[in-house]
Amino acid sequence: MKTILMVVGSFREKSLNRQLAREIEARIGDRATVRYLEYRGLPFMNQDLEHADGSENPAVRRVRAEVASADGLWIVSPEYNGSYPGHVKNLIDWLSRPVVPMDYATPLPIHGMPVTISAAGGGRKGAGMAEKLTELLKFVRFAEPTRPYCLMGYGAEALKTNVLTVNPEAEALITAQIDAFLKAI
Ligand SMILES: Cc1cc2nc3c(=O)[nH]c(=O)nc-3n(C[C@H](O)[C@H](O)[C@H](O)COP(=O)(O)O)c2cc1C
């Protein structure tokens, strides 16, 4: 059974994006194992902490190992000021770095790794986040991100109730995205 690692780009307790990730997980069902990456404990990027020479931070080691053991990454993220949240960039920065000092020859687990993006967003449905995150993922050499992306508007009401409702348009996109990603992993 293949493993999909969900990366939720919001740490908010009632996150609409976490709810979207759960909706995706429910629709994947028994076709893959779904795990969630816990990365709140990652320090801000600091090159003093990055190598497996004794200086590697334990949270960095754990996050790297979890990503390495997955078959694909599914990032479900809000849009912050037209882009991805800073902690998502910080995570990708950590994953993009060599484990052994100056070793740029050994491939990293993320090189060629299948990846896809979803969002529950406002009026632009997270389109700015998805565009910039796609650029970043390609830069650090993930596989070409799998499309279609389910980018859904949560609607004004959801911001008050904190309850995400998956409309038929989003439902169809989730189904298509799951089918495409299961083929990619
Ligand atoms: C710093 C910050 C910047 C934001 N910028 C945008 C934005 O550019 N576009 C947008 O649609 N929503 C923006 N929002 C609103 C978020 O989409 C909204 O708070 C959403 O519910 C966050 O996702 P979550 O429910 O998963 O935490 C912003 C929120 C924050 C905290």
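The values are calculated or read from the model by the stated rules, or taken from the named source; none is laboratory data. What you see is a predicted model, and the numbers here were worked out from it, not measured in a lab. Reconstructed Cβ throughout: ideal geometry from the backbone, glycine too, with neighbour counts over all protein chains shown. Quick note on the areas: whole protein, heavy atoms, side chains included, nothing else; ligands and nucleic acids left out. Shrake-Rupley method; radii C 1.70, N 1.55, O 1.52, S 1.80 Å.
Brief remarks follow.
- Checking each residue in the stretch 92-126 for being away from the ligand (no atom under 16 Å from the Cβ), part of a loop (DSSP other than H, G, I, E, B) and of a type in the set (D, E, K, R) picks out R97, D103.
- Complete set of residues in the stretch 30-49 that are within 13 Å of T3 (Cβ to Cβ) and hydrophobic (A, V, I, L, M, F, W, C): A32, V34, L37
- Taking residues in the stretch 8-29 that are modelled with pLDDT of 95 or more and among the charged types (D, E, K, R), and partners anywhere that are assigned to a loop (DSSP other than H, G, I, E, B) and surrounded by fewer than 23 Cβ atoms within 10 Å (Cβ to Cβ), the pairs with Cβ atoms closer than 8 Å and at least 6 places apart or on different chains are K14/N162; R18/S10; R18/R12; E23/L164; E23/V166.
- For the stretch 39-60, filtering for residues that are out of contact with any Pro (no Cβ under 7 Å at 6 or more places or on another chain) and either exposed (fewer than 13 other Cβ atoms within 10 Å of the Cβ) or farther than 26 Å from G112 by Cβ (or both) leaves 10.
- Within the stretch 133-166, being open to solvent by less than 60 Å² (accessible area, probe 1.4 Å), more than 17 Å from I75 (Cα to Cα) and more than 12 Å from the ligand (Cβ to nearest atom) holds for one residue alone: V166.
- Test: residue in the stretch 168-180 that is crowded, with 17+ Cβ neighbours inside 10 Å, among the aliphatic types (A, V, I, L, M) and assigned to a loop (DSSP other than H, G, I, E, B): no
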